[in-house]
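Trainee: Below is the structure I would like to discuss, written out as structure tokens.
The values are calculated or read from the model by the stated rules, or taken from the named source; none is laboratory data. No experiment lies behind these values; they were computed from the predicted model shown. Positions of Cβ are generated from backbone atoms using ideal geometry, with glycine treated the same way; all protein chains shown enter the neighbour counts.
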Amino acid sequence: MAAQELNAIARSIVADHKGVLAADESTGTIKKRFDTIGVESNEENRRAYRNLLFTTAGFEEYVGGVILYDETIRQASDDGTPFAELLAAKGVVPGIKVDTGAHELAGQPGEKVTEGLDGLRARFEEYHGLGARFSKWRAVITIGDGIPTDACIHTNAHALARYAALSQEAGVVPIVEPEVLMDADNTIERCYEVTARTLHVVFYELYRQGVALEGMLLKPNMVVSGKGCPTQAPSSRIAELTVDCFLRHVPAAVPGIVFLSGGQSEVEATENLNAINRVGGPWPLSFSYGRALQASALKAWSGDTANVEAGQDAFLHRARMNALAVAGDWSAEMEQAVHA
């Protein structure tokens, strides 16, 4: 597929202040989510929950793409419509997670490399046939004593670029996700430094492997303080350093940046996104949130069919709040107006 066609898909995902719903939790991850509400993680419950999200009336006003998991892209709504078809009919682009997870990086204690390149060309062919028009691959960069090493950053960047090239070859827009984790006790300045190093190497590899920058999206972390850091930077500082880092290391040709929430609470993720958009940059600065779009919806639903509408209301509210944040128009008062 020509780069301009990939560009059109990428731009449509982030058009009109829309973002991405990351509904690509692996079976293991969604079990952890279901455990918190006392719901058994079986295939039907997982399907019913995704059905709740995807049939929410009006969510397509705020969400331009949905990342699916391998199981989910093969499932259908209550009326038998395949999920990918249901989303596409709403004008929402269906996507697919294609990596097979982060594993220990040989010779580098405490660091990981994402696997899944073997057989990926054939899987892309199948996923395209199932309706996927964008994909996602997540690399994990850990901050710690003496890490990340150059070996870890380069290995993950190389894999991200190989994945992105295969995705574009298949006519599928790649979402390139190099996530610098926020789990340590590092300062925000240390996060800036590691994020800058990572982005620099990722874009070098993308260039080296011929990936069309105008036909991809970037899904990065925000520049934030580590969770264990005694000084937590405010949203204004997060916005200032995040945009500065990206202006220095992300080419303007990239049609959109969709931030991950990375363990932030729902409102924190929205507040920080809003602050980032108040600063602004040459790209749409949007969201690709999982938990930060779903936590309230999951709790409201709690596995009970009688609560589907309540779950959908909670999901729609979060989607709307984040679209307002992409416009830089969110305020804390709007959170109180959920049922007004």
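Trainee: Yes or no: the range 218-228 includes at least one residue that is modelled with pLDDT of 95 or more and surrounded by fewer than 17 Cβ atoms within 10 Å (Cβ to Cβ). Show your work before the answer.
Mentor: To start, the set of residues in the range 218-228 that are modelled with pLDDT of 95 or more comprises 218-228.
Next cut, surrounded by fewer than 17 Cβ atoms within 10 Å (Cβ to Cβ) only: 227-228.
For the range 218-228, residues modelled with pLDDT of 95 or more and surrounded by fewer than 17 Cβ atoms within 10 Å (Cβ to Cβ): present.
Trainee: Give me a count of the residues in the range 83-142 that are of a type in the set (D, E), crowded, with 16+ Cβ neighbours inside 10 Å and closer than 16 Å to E169 by Cα.
Mentor: Step one: filter the range 83-142 for residues of a type in the set (D, E), giving 85, 99, 104, 111, 115, 118, 125-126.
Remaining after also requiring crowded, with 16+ Cβ neighbours inside 10 Å: 99, 111.
Now narrow it down to the ones that are closer than 16 Å to E169 by Cα: none.
Count: 0.
Trainee: If the requirement is being within 14 Å of V267 (Cβ to Cβ) and either in contact with a Lys or Arg (Cβ under 9 Å, 6 or more places away or on another chain) or at pLDDT 95 or above (or both), which of these qualifies: L324, L298, L316, L285?
Mentor: Numbers: L298 fails: within 14 Å of V267 (Cβ to Cβ); L316 fails: within 14 Å of V267 (Cβ to Cβ); L285 fails: within 14 Å of V267 (Cβ to Cβ).
Residue meeting the stated conditions: L324.
Trainee: How about the range 73-186: which strands (runs of 3 or more DSSP E) wholly inside it have at least 1 residues that are of a type in the set (S, T, Y) and over 28 Å from A57 (Cβ atoms)? Break it down into steps so the answer makes sense when it comes.
Mentor: On the way: elements: 93-97, 102-104, 112-114, 134-141, 173-180.
Output list reads 112-114.
Trainee: Can you name the residue in the range 52-72 that is assigned to a helix (DSSP H, G or I) and not charged (D, E, K, R) and, of all such residues, is nearest to H317 (Cα to Cα)? Don't jump to the end; show me each part of the working.
Mentor: Narrowing the range 52-72 to residues assigned to a helix (DSSP H, G or I): 52-54, 59-61, 70-72.
Going one step further and asking which of them are not charged (D, E, K, R), we end up with 52-54, 59, 72.
Values: L52: 14, L53: 12, F54: 14, F59: 9, T72: 23 Å.
Filtering first and then ranking leaves F59.
Trainee: If C191 satisfies all but one of (1) surrounded by 24 or more Cβ atoms within 10 Å (Cβ to Cβ); (2) under 24 Å from E104 (Cα atoms); (3) under 17 Å from the mean Cα position of the chain (by Cα), what's the number of the condition it fails?
Mentor: C191 satisfies every listed condition except (3).
Trainee: Within the group A23, A57, which residue is exposed (fewer than 15 other Cβ atoms within 10 Å of the Cβ), of a type in the set (A, V, I, L, M, F, W, C), farther than 26 Å from A157 by Cβ and in contact (Cβ under 8 Å) with a residue 60 or more places away in the chain?
Mentor: Details: A23 fails: exposed (fewer than 15 other Cβ atoms within 10 Å of the Cβ).
Criteria check complete, one pass: A57.
Trainee: Within the range 225-263, which residues are within 20 Å of L181 (Cα to Cα) and touching a strand residue (DSSP E or B) at 6+ places or on another chain (Cβ under 9 Å)?
Mentor: T242, V243, F246, V250, I257, V258, F259, L260, S261, G262
Trainee: Of all residues in the range 245-265, count the ones that are surrounded by fewer than 17 Cβ atoms within 10 Å (Cβ to Cβ), touching a Gly at 6+ places or on another chain (Cβ under 9 Å) and touching a residue at least 60 places away in the same chain (Cβ under 8 Å).
Mentor: First pass over the range 245-265, keeping only residues surrounded by fewer than 17 Cβ atoms within 10 Å (Cβ to Cβ): 247-248, 251-253, 263, 265.
Still in the running and touching a Gly at 6+ places or on another chain (Cβ under 9 Å): 247, 252.
Then drop every residue that is not touching a residue at least 60 places away in the same chain (Cβ under 8 Å), which leaves none.
Total meeting the criteria: 0.
Trainee: Here's something else I'd like to know. Taking A8, is it hydrophobic (A, V, I, L, M, F, W, C), touching a residue at least 40 places away in the same chain (Cβ under 8 Å) and out of contact with any strand residue (DSSP E or B) (no Cβ under 6 Å at 6 or more places or on another chain)? Walk me through it before giving the result.
Mentor: On the way: hydrophobic (A, V, I, L, M, F, W, C): yes; touching a residue at least 40 places away in the same chain (Cβ under 8 Å): no; out of contact with any strand residue (DSSP E or B) (no Cβ under 6 Å at 6 or more places or on another chain): yes.
Considered against the rule, which asks whether it is hydrophobic (A, V, I, L, M, F, W, C), touching a residue at least 40 places away in the same chain (Cβ under 8 Å) and out of contact with any strand residue (DSSP E or B) (no Cβ under 6 Å at 6 or more places or on another chain), A8 comes out as no.
Trainee: I would also like to ask the following. Would you confirm whether or not the range 202-212 contains a residue that is under 20 Å from the mean Cα position of the chain (by Cα) and polar (S, T, N, Q)?
Mentor: no
Trainee: What's the total number of residues in the range 31-47 that are assigned to a helix (DSSP H, G or I) and either farther than 19 Å from D78 by Cβ or in contact (Cβ under 8 Å) with a residue 60 or more places away in the chain (or both)?
Mentor: Taking the range 31-47 first, the residues assigned to a helix (DSSP H, G or I) are 31-35, 43-47.
Still in the running and either farther than 19 Å from D78 by Cβ or in contact (Cβ under 8 Å) with a residue 60 or more places away in the chain (or both): 31-35, 45.
Matching residues across the range 31-47 total 6.
Trainee: Can you confirm whether M222 is in contact (Cβ under 8 Å) with a residue 40 or more places away in the chain, of a type in the set (A, V, I, L, M, F, W, C) and under 20 Å from G263 (Cα atoms)?
Mentor: Numbers: in contact (Cβ under 8 Å) with a residue 40 or more places away in the chain: yes; of a type in the set (A, V, I, L, M, F, W, C): yes; under 20 Å from G263 (Cα atoms): yes.
Taking the combined requirement at face value, the residue satisfies it.
Trainee: Taking the condition of a type outside the set (S, T, Y), under 20 Å from V211 (Cβ atoms) and in contact (Cβ under 8 Å) with a residue 12 or more places away in the chain, does H103 pass?
Mentor: no
To keep it simple, each residue is scored yes or no on (1) surrounded by fewer than 19 Cβ atoms within 10 Å (Cβ to Cβ); (2) closer than 25 Å to A151 by Cβ; (3) touching a helix residue (DSSP H, G or I) at 6+ places or on another chain (Cβ under 7 Å); (4) among the hydrophobic types (A, V, I, L, M, F, W, C).
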residue	(1), (2), (3), (4)
A164	no, yes, yes, yes
E169	yes, no, no, no
P174	no, yes, yes, no
V180	no, yes, yes, yes
D183	yes, yes, no, no
T195	no, yes, yes, no
H200	yes, yes, yes, no
M216	no, yes, yes, yes
Q232	yes, no, no, no
